[in-house]
1. Kindly indicate which of 147, 109, 47, 153 is modelled with pLDDT of 75 or more, surrounded by fewer than 24 Cβ atoms within 10 Å (Cβ to Cβ), in contact with a helix residue (DSSP H, G or I) (Cβ under 6 Å, 6 or more places away or on another chain) and farther than 21 Å from residue 245 by Cα.
2. Name the single residue that is nearest to residue 517 (Cα to Cα) among those in region 318-327 being surrounded by fewer than 20 Cβ atoms within 10 Å (Cβ to Cβ) and within 21 Å of the chain's Cα centre (by Cα).
3. Suppose the filter is modelled with pLDDT of 80 or more and under 23 Å from the mean Cα position of the chain (by Cα); does residue 164 pass it?
4. Consider region 170-218. How many of its residues are within 17 Å of residue 337 (Cα to Cα) and outside any helix (DSSP H, G or I)?
5. Taking interchain pairs and intrachain pairs at least six residues apart, which have beta carbon atoms under 8 angstrom, with the first residue in region 362-379 and in a loop (DSSP other than H, G, I, E, B) and the second surrounded by fewer than 23 Cβ atoms within 10 Å (Cβ to Cβ)?
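The values are calculated or read from the model by the stated rules, or taken from the named source; none is laboratory data. Predicted, not measured: the structure shown is a model, and the values here were computed from it. Glycine also receives a Cβ, built like all others from the backbone with ideal geometry; neighbour counts cover every protein chain displayed.
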């Protein structure tokens, strides 16, 4: 008799035990099969966080970093400009580089360079060297977002790549901004500027090991890079880089006050136009300009750009509003936690319901959440605190996670129908609208807030006259706080007037931010109306087309 433990079945005719074959059993392969997708999802999340934190840690801590580097606020902002200048265009070159030299080599080299650049941040002690390192860092970090996409899509079957895969990876990328603001106070306490990058170096080193342990599925290589590709890319890189620098620094130097801003814009126009002319006259262009200029792609790019402008409210306008009230990142931690949790919940909801026919409904839901959240924020006062914005910021975070995945899925499927060569052009359109759109949103709303602050300051100043007894009484109340240390009556009155002027400026800033929140709500409402009209017109067109088709048949 065969022991019971060795039975896997028996032949009913001979009553003899059927012995297990010495092949790897399914019970051994099953755990590995289940762990592999989870490992690739974790690897994608790690790469997304590594790239996103590198980009957002500096932007979230400019006031703290400028003190460490001995720079002014405007000088420290050049760290952001130096990082974004090469980063906004490198996706154009990286896809062809990956196709020609292989995914494995591409992944290993890119993460190794990123680790090296991250280590160099630890030796920075002055602004000039920091700007140079940030420029190189922008180059080194560019491949990580592409790798995050590839690792996430590797984990899913083809049917789920366009739903769950895209939802997860885009949410991971969006999470980097609130996560950077949540973690940065602790990292700064550890060691100021080096403290920020010790954490990033740890992530980069882990990512380096993960890439070696979990390689991507190899793709067939082909010689796709041509000489004119290099010329076109360099022209586009110069144009996009100049545009990024202008968008980051323009509102600080002010648009019409610094002549070199106009020079950079002129260089951008000339270089990008030259690249377009070259690409239009090539048999195998780097970019299919005619397809990019088509009606459907322009509609897609405009939609994504408009939404990217609107959701910049969460990453920049709301945070700057609290900073204007004197609150720092460590006092806003619960706001960022609420935003992170809201994004994650919205991501899973979007992945569960996302289908092509439901895309308009998902976009409408996102816009409604954005309208409600922005309008709630527009009612802020000098007594507004983070607890008052939990709900509104949760709505805006959910809108961010709901809008982008369906839009990218529809655009990517449209590109796939035309052939694999169009995927490159689509990815470039998407990434460009995200990177440049984010910078444009911050520049536009930052400039709008500056203009409205001057307007409200003038209005309020007209009512602040020392002939008004209420104004005199308020100035005296503010001056009383210094009555024990300032004995001179004239100096005490001057101090009271100065404190009153500070309060007027603060109130003007609050009103300006409220105007910005209201502008975002109004823009989102117009986008929602346009979306509903587009869906209604499409329904009417199909209803008229159906009887005509039936009659012809």
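1. 153
2. Here the answer is 320.
3. Yes.
4. Number satisfying all stated conditions: 0.
5. Listed pairs, sorted by first residue: 378/514; 378/515; 378/518; 378/521; 379/514.
Rundown of residues vs (1) surrounded by fewer than 16 Cβ atoms within 10 Å (Cβ to Cβ); (2) in the same structural domain as residue 130 (by TED's automatic domain parsing); (3) out of contact with any strand residue (DSSP E or B) (no Cβ under 6 Å at 6 or more places or on another chain), yes/no style:
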{"site": "177", "(1), (2), (3)": "no, yes, yes"}
{"site": "204", "(1), (2), (3)": "no, yes, yes"}
{"site": "236", "(1), (2), (3)": "no, no, yes"}
{"site": "239", "(1), (2), (3)": "no, no, yes"}
{"site": "260", "(1), (2), (3)": "yes, no, yes"}
{"site": "264", "(1), (2), (3)": "no, no, yes"}
